[in-house]
Amino acid sequence: MERIDTATPDLTQENIDKIAELFPDVVTEAIGDDGELRRAIDFDALRSDLADEVVDGPRERYQFTWPGKAAAKLEARTPCDKAFRPCIEESKDWDTTQNLYIEGDNLDALKLLRETYAGKVKLIYIDPPYNTGHDFIYDDDFSQSREDYEGASDEYDEEGGRLVANPESNGRFHSDWCSMMYPRLLLARDLLTDDGAMFISIDEGELKNLEALCDEVFGHDRFESLITWQRKYSVSNNYVGIASMCDYLLVCSKSPCFTANLLPRTDESVDRYSNPDNDPRGPWKAVDYLNQATVSQRPNLCYDIINPNTGKIISNREKAWKYEQAATERFQQDNRIWWGIDGNNSVPALKRFLSEVRDGLTPHNWWPYEDVGHTQEATKEVEDLFGAKVFDFPKPVRLLERVLQIGTGRDSVVLDFFSGSATTAHATMKLNAKDGGSRKFIMVQLPEVCNEHSEAFRTGYGTICELGKERIRRAGEKLAAEIESDNAKVDDQLDLEGVEEKKTIPDIGFRVLKIDSSNFNDTYQGPNQLSQDVLAMYVDNLKEGRTPEDLLFQVLPKFRIPLSAKIKELDICGKRVFDVNDGQMLACFDVGVGIDTIESIAKRKPVYAVFRDASMANDSTEANFEELFKTFSPDTIRRVI
């Protein structure tokens, strides 16, 4: 039986595999730091294969670098021996929801999510620390002990998660921020679909560095837009200097496959169309017939047009027409030339029908607060839900709705790994309620402790995660109540014509998963470290307090099964068996599993069958395991953990 590796993949080895496919002659073997022989790349051979395309030594080249860049890049590739632990009691609609709320360091979360969601996330939105000198950023030096860390900072969570202040007096002020962002962006890119995109909120402070980071991670040609968001609607006259009214959203795509969606038409845009001549083709608007080019620049677009109402000949004076003469004749025959209400305009116009234009508006990079909200609106949204100002500097729901409208389809997966007050989750549910979509969200947030002087702490919230989860609950319940109220009004009008269809309440639940250490004790020790107590772990190395549910959620990513998968519990020959996605996987982690249980599982022919190494009742059961599956379900992939 093949064992499951509990750690995330080694991305360095994955890169070596990719290079080996392209240049098999550069693969060699070398002794690692642990004394073991491992596969490696001969860079001299690779340099020879690439000839003059390698930039090495003192040669000048364009590059963006900072102290700590190499370590930050290595951090993204380092395997993570941690696991998701389900928390059913803090979840909402556990059995049916497709949404996830993950508590823990987002670097760990991205590494764990990569196993299951690589290439599956359509949109990533993040609102990282702006690095104003007052923000806290992640310290990813995991070699630092808890004691050393606590001596350096009093900002940490219960698990020792390292949040450190980054004052402007710090000599590595910008470098620390870049080192925090770089590995997270590298991992985030892997999660995106080929037609996916990432939207990042930022202010002026780190905008240039963020642009350089994204150019390196995504490629300069994958820059899509720098959107300016008008976050304020007024400025105090007491402000000294030039006040900032805007923040920015940097947009990068994974590949040329990305296409921004059109925005829904507003009532104002529709009102620009009318039908003063009762044209049977419906509402239209008049489009200027004059070109920007002059008569001398486009002589082929200069000709006489006769007004059929007056017989007057209209000739070009300074500007050419937009259309060739043959096109104008077709427009005249098709009643598309407009000469005004009285038919006596000095120049014609073209009738552009609403039914013939694109079903939406082209998005642009100027987002005024009238369209997407401002910071005060965002604060009020949170206050309306909680009755208090429990979160500083949230983003307005309308801003995130606009991001989702541009970057997602109706069934897309949306990720926010700096979740904060969970505005992204709120906006996802709200947009689903509006357009009938089934978008799924994944929120990731470190359980950062609320300041004891904050309104959130006084209101009873100990961590940002508690606040975010409650915001999703309250926002979802409010949406459901509003939809039920609207549907009740529809019921009251059933006898009337033209009644709107009832709306469906979207998925307003979420599964809570908490990142913790692996469910298994570390048994990878040298002979000189072994003792009688340590040897006992080899019999059953499961950590105390870990549950079968914990094991299941450590196993799911190994088979790229979504963490929102449908899970049922079965009783098979007296043993507890998890049925994932209606038979896709059957997993049993009980001890004392006998031949009868294994045979029954094999007869159900799952795609995957998973057991604990310590599950087998005796040597006879273990010896017959493979034969039972070969007999009843040879195609089942079976693994032990």
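The values are calculated or read from the model by the stated rules, or taken from the named source; none is laboratory data. Quick caveat: nothing in here was measured; it's all calculated off a predicted structure. Glycine also receives a Cβ, built like all others from the backbone with ideal geometry; neighbour counts cover every protein chain displayed.
Computed quantities for the displayed model
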{"read-out": "First in the stretch 574-589 and farther than 11 Å from R604 by Cβ, second anywhere and of a type in the set (S, T, Y) and in a loop (DSSP other than H, G, I, E, B), Cβ under 7 Å, 6 or more apart", "value": "C588/S615; F589/S615"}
{"read-out": "Any hit, the stretch 364-371, residues being in contact with a Phe, Trp or Tyr (Cβ under 7 Å, 6 or more places away or on another chain) and among the hydroxyl-bearing types (S, T, Y)", "value": "yes"}
{"read-out": "Qualifying positions in the stretch 401-427 - in a helix (DSSP H, G or I) and charged (D, E, K, R)", "value": "E401, R402"}
{"read-out": "Only one of N335, N345, N309 that is surrounded by 14 or more Cβ atoms within 10 Å (Cβ to Cβ) and in a loop (DSSP other than H, G, I, E, B)", "value": "N345"}
{"read-out": "Filtered residues of the stretch 276-291 (kept if out of contact with any helix residue (DSSP H, G or I) (no Cβ under 7 Å at 6 or more places or on another chain) and within 9 Å of L354 (Cβ to Cβ))", "value": "K285"}
{"read-out": "Residue selected from the stretch 168-215 under the condition among the hydroxyl-bearing types (S, T, Y) and in contact (Cβ under 8 Å) with a residue 40 or more places away in the chain, by the criterion nearest to V372 (Cα to Cα)", "value": "S201"}
{"read-out": "Selection status of A293, among the hydrophobic types (A, V, I, L, M, F, W, C) and either in a helix (DSSP H, G or I) or surrounded by 16 or more Cβ atoms within 10 Å (Cβ to Cβ) (or both)", "value": "no"}
{"read-out": "Selected residue (criterion: surrounded by the fewest Cβ atoms within 10 Å (Cβ to Cβ)) from residues of the stretch 348-375 that are β-branched (V, I, T) and out of contact with any Pro (no Cβ under 9 Å at 6 or more places or on another chain)", "value": "T362"}
{"read-out": "Those residues of the stretch 189-204 which are in a strand (DSSP E or B) and either in contact with a Gly (Cβ under 8 Å, 6 or more places away or on another chain) or under 26 Å from R231 (Cβ atoms) (or both), in sequence order", "value": "L192, T193, D194, G196, A197, M198, F199, I200, S201, I202"}
{"read-out": "Residue check for K430: in a helix (DSSP H, G or I), touching a residue at least 24 places away in the same chain (Cβ under 8 Å) and surrounded by fewer than 24 Cβ atoms within 10 Å (Cβ to Cβ)", "value": "yes"}
{"read-out": "Selection count, the stretch 216-234, where residues are in contact (Cβ under 8 Å) with a residue 40 or more places away in the chain and of a type in the set (A, V, I, L, M, F, W, C)", "value": "3"}
{"read-out": "Filtered residue count, the stretch 365-396, keeping only those that are over 18 Å from D267 (Cα atoms) and either in contact with a Cys (Cβ under 7 Å, 6 or more places away or on another chain) or not acidic (D, E) (or both)", "value": "20"}
{"read-out": "Residue within the stretch 221-238 that is out of contact with any helix residue (DSSP H, G or I) (no Cβ under 6 Å at 6 or more places or on another chain), more than 28 Å from P396 (Cα to Cα) and in the same structural domain as L400 (by TED's automatic domain parsing) present", "value": "yes"}
{"read-out": "Unique residue being under 30 Å from M616 (Cα atoms) and either modelled with pLDDT of 75 or more or in a helix (DSSP H, G or I) (or both) when the list is A7, A45, A76", "value": "A7"}
{"read-out": "Among (1) surrounded by fewer than 15 Cβ atoms within 10 Å (Cβ to Cβ); (2) of a type in the set (K, R); (3) modelled with pLDDT under 95, the one test that R410 misses", "value": "(3)"}
{"read-out": "Residue list for the stretch 353-374, filter: β-branched (V, I, T) and touching a helix residue (DSSP H, G or I) at 6+ places or on another chain (Cβ under 8 Å)", "value": "V372"}
{"read-out": "Condition check for R398: in a helix (DSSP H, G or I), without any contact (Cβ under 8 Å) to a residue 40 or more places away in the chain and surrounded by fewer than 23 Cβ atoms within 10 Å (Cβ to Cβ)", "value": "yes"}
{"read-out": "Residue within the stretch 380-389 that is modelled with pLDDT of 95 or more and assigned to a loop (DSSP other than H, G, I, E, B) present", "value": "no"}
{"read-out": "Unique residue being in a helix (DSSP H, G or I), at pLDDT 95 or above, within 30 Å of K380 (Cα to Cα) and within 21 Å of the chain's Cα centre (by Cα) when the list is L207, L226, L249", "value": "L207"}
{"read-out": "Some residue of the stretch 457-473 being of a type in the set (S, T, Y), crowded, with 17+ Cβ neighbours inside 10 Å and within 16 Å of I200 (Cα to Cα)", "value": "no"}
{"read-out": "All positions within the stretch 603-632 that are more than 21 Å from K558 (Cα to Cα) and hydroxyl-bearing (S, T, Y)", "value": "S620, T621, T631"}
